[in-house]
Amino acid sequence: MAGIPTVGAPGATSWKPEFTRMIRGYKAVYVYADNDDGGTGLEKFAEPLAALIENARVILLPEGHDVNSFVQENGYDALKELIGV
């Protein structure tokens with residue numbers, strides 16, 4: 001809805017290494033790290049995934065937010081500004 005092609009994962013520990021095939025080769029891949037989970041989103045999802053993908057950029061959401069809550073509170077334009085597009 002924000003005009004950003006997206007792949008979602010239902011939880012920080014649900015991503016499987018073989019899934020990375022579908023996002024390789026893109027000019028940029030933004031990996032959102034939830035910041036409402038005591039660091040799990042960053043440590044167990046975003047950082048390990050970014051290590052597997054060329055051109056990955058980890059985006060740590062503001063404290064207390066996941067992507068959905070951030071967009072609900074701030075809007076799509078704020079999300080685009082956060083990631084620099």
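The values are calculated or read from the model by the stated rules, or taken from the named source; none is laboratory data. Owing to the predicted nature of the structure, the values given are computational and were not obtained by experimental measurement. No Cβ is skipped: glycine too gets one built from the backbone with ideal geometry, and neighbour counts run over all protein chains shown. Note: areas computed on protein heavy atoms with side chains; ligands, DNA, RNA excluded. Shrake-Rupley method; radii C 1.70, N 1.55, O 1.52, S 1.80 Å.
The local environment of Leu82, defined by Cβ-Cβ distances under 14 Å, has a net charge of -4 under the rule Lys, Arg +1 and Asp, Glu -1.
In whole percent, how big is the carbon plus sulfur part of the accessible area of the chain, probe 1.4 Å, protein atoms only?
Taking all protein chains in place, the chain shows 51 percent carbon and sulfur surface.
Excluding ligands, DNA and RNA, the accessible surface per residue across the chain is 67 Å² with a 1.4 Å probe. For the chain, the gyration tensor built on C-alpha atoms gives an oblate shape. Its axis ratio a/c (a ≥ b ≥ c) is at least 1.5, and a/b is not larger than b/c.
Note down the relative contact order for the chain as a percent, whole number, built from C-alpha pairs under 8 angstrom at least six residues apart. Let's see the in-between values first.
Values: 92 pairs, mean separation 25.3, N = 85.
Reported as a whole number, the value is 30 percent.
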